[in-house]
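What follows is a set of notes on a single structure, which appears directly below.
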Amino acid sequence: MAALDGLAIAGRETRRGPAIRPPRSTRAAMDWDDVRVFLAVAREGSMRAAGRALGLSQPTIARRLAAFEATFGGPTLFDRLPEGLHLNAAGEQLVPAAESVEHAVLTLERRRAAASPVLSGTVRVSTGECAAGFLARCLSRSTRSPLPPGITLELVESRQTANLARREADMALRHEPPESGDFYISKAGTFACAVYRRRGEEAGAWVTYTEEQSHYAPARWVQRQVEETGKPVALRASSMLMHLEAIRAGTGRGVLPCYVGDGHPLLERLTPPIPEIAAEYWIIVHRDLRRAVCVRAVIDWMKALFVEQREVLAGVT
């Protein structure tokens, strides 16, 4: 009887028109990309900054954020203020659950990448300017340790360590190992540094880093030389490439990695390698990715390079 009643009700619904269904946003599976955008906007404070962090356009960020907010059917999750977007109380309540989703999805993505047997693809490495230049030049066939041909190396020059857990990079090459986290860490080697000037030039003034970078070890060392010798600072610049160009042109003398200065025909070294500003480097990889075929190949390649180029990096040759 109940079944017949059900059929009768269904018939009446058919005659009246389609049954009323809940909005699609309450029935559809949640899109991980929308969750990712929500977290990026929450962390970065604006759609533009979130777009830069995720590699997406601002319209795409706006569309996905609107879709995520519509999923919950209530008020928006952010207060739109002149200085940016700020989570309101409703948005704050969702952050822990969204981060749990993020952790689970990224774990699956890392383990899927690690399970692939294919020695082909792009490996993204986050590092500083000095180490990035060293790796870039070692991709040539002049070294005895070639990178497997199926791998494309993507170097991301950054002064901040990428969040390897969130796959901002597959691995990092950094001055200091992280103090915590589920990482495989291996010391790669050390870059020696010395003072250089243009060959044959007096170049008594100094080239150094900006005031904001005065905490860097080379900047502190140069500052002591300025104070002890009374020689002026000719240029403050924020990158090693700027220093190199200024020193090469004869603007002044300055600290460079020995692998850069010793190999430049226009430069001459004025000091032995300076131990207190030698730069140690560490290979850092999330443990889930350590066994990935491509990542493992890049780790082995880096280790071989540091062994092969040890004397060049130490300023012996």
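Readers should treat all values here as calculations from the given coordinates under stated rules, not as data from a laboratory. The structure presented is a predicted model; accordingly, all values stated were derived computationally and were not measured. Here Cβ is always computed from backbone atoms with ideal geometry, including for glycine, and neighbour counts include all displayed protein chains.
The table below gives the values:
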{"read-out": "Where GluC sites (Glu not before Pro) in DSSP loops with at most 11 other Cβ within 10 Å are excluded, longest remaining stretch of the chain", "value": "203-317"}
{"read-out": "Label zone at THR190 (point 7 Å along Cα-to-Cβ), backbone N below 14 Å, region 242-272", "value": "258"}
{"read-out": "Cα gyration tensor shape for region 145-287, rounded if a/c is under 1.5, else prolate or oblate", "value": "prolate"}
{"read-out": "Correct option for Rg/Rh (Cα atoms, Kirkwood Rh) [calculated from the coordinates] among (i) 1.01; (ii) 1.16; (iii) 0.98", "value": "(ii)"}
{"read-out": "Around ASN88: net Lys/Arg minus Asp/Glu count, Cβ-Cβ under 12 Å", "value": "-2"}
{"read-out": "Relative contact order of the chain, defined on C-alpha pairs under 8 angstrom at six or more residues apart (%)", "value": "19 percent"}
{"read-out": "Calculated FRET efficiency for the pair ARG43/ALA297, C-beta based, R₀ 25 Å, to 0.05", "value": "0.20"}
{"read-out": "Distance between region 88-106 and region 117-186 - C-alpha centres, whole angstrom", "value": "29 Å"}
{"read-out": "12 Å cut-off, amide nitrogen to a point 7 angstrom out along THR143 Cα→Cβ, residues in region 288-317", "value": "298-310, 313"}
{"read-out": "Extended-chain gain in nm, criterion 0.36 nm per residue less alpha-carbon gap, HIS103 and ALA90", "value": "2.6 nm"}
{"read-out": "Estimated FRET transfer efficiency (LYS231, ARG290; beta-carbon r; R0 35 Å; 0.05)", "value": "0.15"}
{"read-out": "Helix-only [θ]222 nm of the chain, DSSP H runs n ≥ 4, -39500 (n - 2.57) each, per residue, nearest 500", "value": "-13500 deg cm²/dmol"}
{"read-out": "Cα gyration tensor, region 193-277 - rounded (a/c under 1.5), prolate or oblate", "value": "rounded"}
{"read-out": "Average Cα contact separation per residue, region 193-277, under 8 Å, 6 or more apart, as relative contact order %", "value": "50 percent"}
{"read-out": "Segment ALA304-ARG269, length gained on full extension (0.36 nm per residue, minus Cα span)", "value": "9.9 nm"}
